[in-house]
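So the structure is just underneath, and the comments pick up after that.
The values are calculated or read from the model by the stated rules, or taken from the named source; none is laboratory data. Quick caveat: nothing in here was measured; it's all calculated off a predicted structure. Cβ placement follows ideal geometry from the backbone for every residue including glycine, while neighbour counts extend to all protein chains displayed. When the accessible area is computed, the model is the full protein with side chains, heavy atoms only, and any ligands, DNA or RNA have been set aside. Shrake-Rupley method; radii C 1.70, N 1.55, O 1.52, S 1.80 Å.
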Amino acid sequence: MASAYGSGGTIAVAADTGLTVIGGTTVKARIDYILASCSGTPADATIDISVQQFTADGTGTAVTPEPLDVDDRVALCASKKTYSAEPTYAGINVLDLGFNQRSVFQWYAQPNGELVSSKAAGDGYGMRVDAFSTGTPTVQFIAHWKE
Amino acid sequence: MHLLKHTTRKPKSIITIDDPEFNQQIQMETKCCCHCRQHWVLKPGSGVTRGYCFKCGDVTCGRKACGTCVPYEKKQGW
């Protein structure tokens, strides 16, 4: 039975990656839940976010994935946040939406709708902020996946 | 209040966005491309041309690159 894991990251800069889930060479990450919300002072701004597949990871701070079942093993897939060098994206926005800063965005995959990484090293999915309509709110991403 | 508008029989994902101003949760269903797994919200009458793969038996995003049948599962090495 697949084990489920979660990780999170924040980003306050537009056109930058907030969180990535990187598949392992022996296991695939099947992302089935993504949440995006904003912290800070509520304001009316549009947050344009996208989820893209990348083929080569960039330079970021590692996040320790948390097992959703505390008795599960340590995750084999990796997760990163706060990128100083962006991953190499494949150029397809598998998910591309905008939402109000006061809102909470959630994405639930249905069967056969999960985002699956390949077993190639450095392959995964990145959640990024494409643009803010005004201001620089802090966007928090949370992703859950099975492996 | 919870707003749900069914737009497809077999959605590949569900998006929810909370609207605190009107105390509503807006829920949208998506389809996804069987070749690149791009998800999109169904908007009847949007005018966007999508495709259909008769080998996969599923919809495609309509991009030229996805006109040739290379299933997502094959790309990802299942």
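Can you tell me which residue is farthest from residue A:117 (Cα to Cα) among those in the range A:22-50 that are touching a Pro at 6+ places or on another chain (Cβ under 8 Å) and of a type in the set (A, V, I, L, M, F, W, C)?
Applying the filter and picking the extreme gives A:43.
Consider only pairs whose beta carbons are under 8 Å apart and that are at least six residues apart or on different chains; among these, list those whose first residue lies in the range B:44-62 and is under 20 Å from residue B:73 (Cα atoms) and whose second residue is open to solvent by 100 Å² or more (accessible area, probe 1.4 Å) and assigned to a loop (DSSP other than H, G, I, E, B).
Close Cβ pairs satisfying both conditions: B:62/B:49.
Filtering the range A:48-62 down to residues that are in contact (Cβ under 8 Å) with a residue 60 or more places away in the chain and of a type in the set (Ser, Thr, Tyr), which residue is least open to solvent (accessible area, probe 1.4 Å)? Spell out the reasoning first.
Step one: list which residues in the range A:48-62 are in contact (Cβ under 8 Å) with a residue 60 or more places away in the chain, which gives A:48-57.
Next cut, of a type in the set (Ser, Thr, Tyr) only: A:50, A:55.
Numbers: A:50: 2, A:55: 79 Å².
Out of the qualifying residues, it is A:50.
With B:9, B:37 as the choices, which residue is within 12 Å of chain A (Cβ to nearest Cβ), in a loop (DSSP other than H, G, I, E, B) and either more than 18 Å from residue A:108 (Cβ to Cβ) or modelled with pLDDT under 90 (or both)?
Only one candidate qualifies: B:9.
Which is touching a Lys or Arg at 6+ places or on another chain (Cβ under 6 Å) and not in a strand (DSSP E or B), of A:14, A:2?
The match here is A:2.
Would you please name the residue that is most open to solvent (accessible area, probe 1.4 Å), looking only at residues in the range B:52-63 that are outside any loop (DSSP other than H, G, I, E, B) and of a type outside the set (D, E, K, R)?
Top of the filtered list is B:52.
Only one of these is part of a strand (DSSP E or B), of a type outside the set (Gly, Ala, Ser) and in contact with a Gly (Cβ under 9 Å, 6 or more places away or on another chain): B:30, B:49, B:16. Name it.
None of the others qualify; the one that does is B:30.
Going through the range A:105-123 one residue at a time, which ones are in contact with a strand residue (DSSP E or B) (Cβ under 8 Å, 6 or more places away or on another chain), open to solvent by 50 Å² or more (accessible area, probe 1.4 Å) and more than 7 Å from every other protein chain (Cβ to nearest Cβ)?
Result: A:120, single match.
Is it true that some residue in the range A:35-47 is open to solvent by 30 Å² or more (accessible area, probe 1.4 Å) and over 24 Å from residue A:134 (Cβ atoms)?
No, the range A:35-47 has no match at all.
Quick check on the range B:64-77: of everything there that is in a loop (DSSP other than H, G, I, E, B) and facing chain A (nearest Cβ under 8 Å), which residue is surrounded by the fewest Cβ atoms within 10 Å (Cβ to Cβ)?
B:77
So, in the range A:19-76, how many residues would count as being under 14 Å from the mean Cα position of the chain (by Cα) and hydrophobic (A, V, I, L, M, F, W, C)?
Of the residues in the range A:19-76, 13 are under 14 Å from the mean Cα position of the chain (by Cα) and hydrophobic (A, V, I, L, M, F, W, C).
With the structure loaded, tell me whether residue A:102 is within 14 Å of another protein chain (Cβ to nearest Cβ), surrounded by fewer than 18 Cβ atoms within 10 Å (Cβ to Cβ) and either outside any loop (DSSP other than H, G, I, E, B) or modelled with pLDDT under 95 (or both) or whether it fails that test.
yes
Among the numbered conditions (1) open to solvent by 50 Å² or more (accessible area, probe 1.4 Å); (2) touching a residue at least 12 places away in the same chain (Cβ under 8 Å); (3) within 25 Å of residue A:37 (Cβ to Cβ); (4) out of contact with any Leu (no Cβ under 9 Å at 6 or more places or on another chain), tell me where residue B:12 comes up short.
(1)
Is one or more of the residues making up the range A:76-92 surrounded by 15 or more Cβ atoms within 10 Å (Cβ to Cβ), closer than 24 Å to residue B:72 by Cβ, touching a residue at least 40 places away in the same chain (Cβ under 8 Å) and among the aromatic types (Phe, Trp, Tyr)?
Looking for residues that are surrounded by 15 or more Cβ atoms within 10 Å (Cβ to Cβ), closer than 24 Å to residue B:72 by Cβ, touching a residue at least 40 places away in the same chain (Cβ under 8 Å) and among the aromatic types (Phe, Trp, Tyr), one finds none in the range A:76-92, hence no.
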